[in-house]
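**Student:** Please see the structure below; I have some questions.
The values are calculated or read from the model by the stated rules, or taken from the named source; none is laboratory data. The model shown is predicted, which means the values in this text are computed figures rather than measured ones. All Cβ positions, even for glycine, are placed from backbone atoms using ideal geometry, and neighbour counts span all protein chains on display. Areas reflect the complete protein model, heavy atoms only, side chains present, ligands, DNA and RNA absent. Shrake-Rupley method; radii C 1.70, N 1.55, O 1.52, S 1.80 Å.
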Amino acid sequence: MTLTELSNFTAAEFSRICGRSPRWIAAAPGRVNVIGEHTDYNDGFVLPMAIERYTVIAAAPATKGVSRVELRSSEKAGQPVMIDLSKPMKPFAKGIWANYPAGVLAGFLARGISPGGFDALIHSTVPLGGGLSSSAALEVATATLLEAITGRTLDPVDKALLCQQAEHQYAGVPCGIMDQFISVMGRKDHLLLLDCRSRKPEMVPMRDPSVALLVTNTNVKHELGSGEYAKRRAQCEAAAKILGVASLRDATSAALEKARARMDDVVFRRARHVIGEIERTPRAARLLGDSDWSAAGQLMYASHFSLRDDYEVSCAELDAVVEIAQALGAPGGVYGCRMTGGGFGGCTVALVKTDAVDAISKKIGADYHQRTGIEATTFVSRPAAGATVLKPVA
Ligand code: GLA
């Protein structure tokens, strides 16, 4: 579905369920990270792109009171979640989807911006929990909707940070800044090279039709993910402390080697991944900008092996996809492949020849099923634009 079709579908669903037309529609994309994994909370570089999968929200002024917000998800349309804007905001129970929009709403209210009561229907084509930032897409779509309702446009950096805060405080996930930044700042046909320390974005053109980014969803999600994420952050901080630097962005491989004897082996390997990945990411951005697909692909493999062996956030299913892709190799149209996102399941991203996409998808699907007994889902996306306000159709 194109974004316009998706917007029209969501508007029609809103009308059907809420009994009137929406006045506002906002959308925000999910993302795939090409390289630069577990570097954002180490002040490093990331290289994500927005994908053509979106969370769309259609809304209209409330009919039941000026401070009553009713949120519905198209999946659970029967049960709206209610928020009373006249009462202090607080998170719902852990794990409730409405924490994401509620956290964003709380961020707007804390800045003195109130949308007043409204009814909203949320529909998403970003696979939930698939490592493609469905939560950031929901947060950023909510923020974009609130901008449309209130007429107050936030600075893009402030908007992304507000959404990250929502995730920290309302969803209880100590994420970095990558997902929210790309969902806000994505640009069609561009990757985003983001310096997570200065927060300076640099757009890297990626419009050559002869190559494509192929996403494979392993369709597994190992539950240990969230606790392990916080653990990795703590291990990185421990390494930085031993090295005497503010963050691993300031550390070098040579300094790490020197300090090896003063470090527990696990902490050493975590730091080795992060330092290597921070170095690989701007290099990959330059190679992709120069259309040096093979060299960029090699860095993607290096990233995967480092995440698998040193950072230990991969899993058998992700490794299986990367192995299948690597076995196809350049003759089979694959330049590089790696896990993408936080890890412990979710998706891989592969840089491939466009004319080999169908054959590669088939081969990955068949071999992955043979090895794991699980059906993978594959799709290709061009780099998409970031969050946007759409016009409701009459
Ligand atoms: C998750 C987090 C991001 C980032 C990645 C790993 O997606 O939300 O901030 O840390 O993991 O690169």
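**Student:** Just wondering, is there one or more residues in segment 86-102 that are open to solvent by 30 Å² or more (accessible area, probe 1.4 Å), outside any loop (DSSP other than H, G, I, E, B) and away from the ligand (no atom under 16 Å from the Cβ)?
**Tutor:** So far as segment 86-102 goes, no, none of its residues is open to solvent by 30 Å² or more (accessible area, probe 1.4 Å), outside any loop (DSSP other than H, G, I, E, B) and away from the ligand (no atom under 16 Å from the Cβ).
**Student:** In this structure, is Ala62 surrounded by 23 or more Cβ atoms within 10 Å (Cβ to Cβ) and at pLDDT 95 or above?
**Tutor:** No, not satisfied.
**Student:** Right, next: Do any residues in segment 369-393 that are under 16 Å from Ser134 (Cα atoms) have Cβ atoms under 6 Å from those of residues that are part of a strand (DSSP E or B) and open to solvent by 50 Å² or more (accessible area, probe 1.4 Å), where the two are at least six apart or on different chains, and which pairs are they?
**Tutor:** Note: pairs meeting the criteria are Ser381/Glu52; Ala384/Glu52.
**Student:** Only one of these conditions is not met by Gly333: (1) open to solvent by 10 Å² or more (accessible area, probe 1.4 Å); (2) within 22 Å of Met206 (Cβ to Cβ); (3) not polar (S, T, N, Q). Which number is it?
**Tutor:** Every condition holds for Gly333 apart from (1).
**Student:** Okay, next question. Select the strands (runs of 3 or more DSSP E) contained entirely in segment 176-261, then report the ones holding at least 1 residues which are more than 18 Å from the chain's Cα centre (by Cα) and more than 16 Å from the ligand (Cβ to nearest atom).
**Tutor:** Those strands (runs of 3 or more DSSP E) span 200-205, 211-221.
**Student:** If you take the residues of segment 110-128 that are open to solvent by 30 Å² or more (accessible area, probe 1.4 Å), in a loop (DSSP other than H, G, I, E, B) and closer than 27 Å to Cys18 by Cβ, which of them is farthest from the ligand (Cβ to nearest atom)?
**Tutor:** The extreme case among them is Ser114.
**Student:** For the structure I just gave you, tell me whether Ala350 is within 16 Å of the ligand (Cβ to nearest atom), within 30 Å of Thr372 (Cβ to Cβ) and in contact with a helix residue (DSSP H, G or I) (Cβ under 8 Å, 6 or more places away or on another chain).
**Tutor:** no
**Student:** Related question: Quick check: anything in segment 163-173 open to solvent by 40 Å² or more (accessible area, probe 1.4 Å), in contact (Cβ under 8 Å) with a residue 12 or more places away in the chain and not polar (S, T, N, Q)?
**Tutor:** yes
**Student:** Of everything in segment 132-172 that's assigned to a loop (DSSP other than H, G, I, E, B) and more than 13 Å from the chain's Cα centre (by Cα), which residue is farthest from the ligand (Cβ to nearest atom)?
**Tutor:** Gly151
**Student:** Then there is this: Looking at (1) aliphatic (A, V, I, L, M); (2) outside any helix (DSSP H, G or I); (3) farther than 29 Å from Ala137 by Cα, find the lone condition where Ile374 falls short.
**Tutor:** So the condition that Ile374 fails would be (3).
**Student:** Name the residues in segment 20-66 that are under 16 Å from Ile182 (Cβ atoms), within 16 Å of the ligand (Cβ to nearest atom) and of a type in the set (D, E, K, R), would you?
**Tutor:** Residues satisfying the conditions are Arg31, Glu37, Asp40, Arg53.
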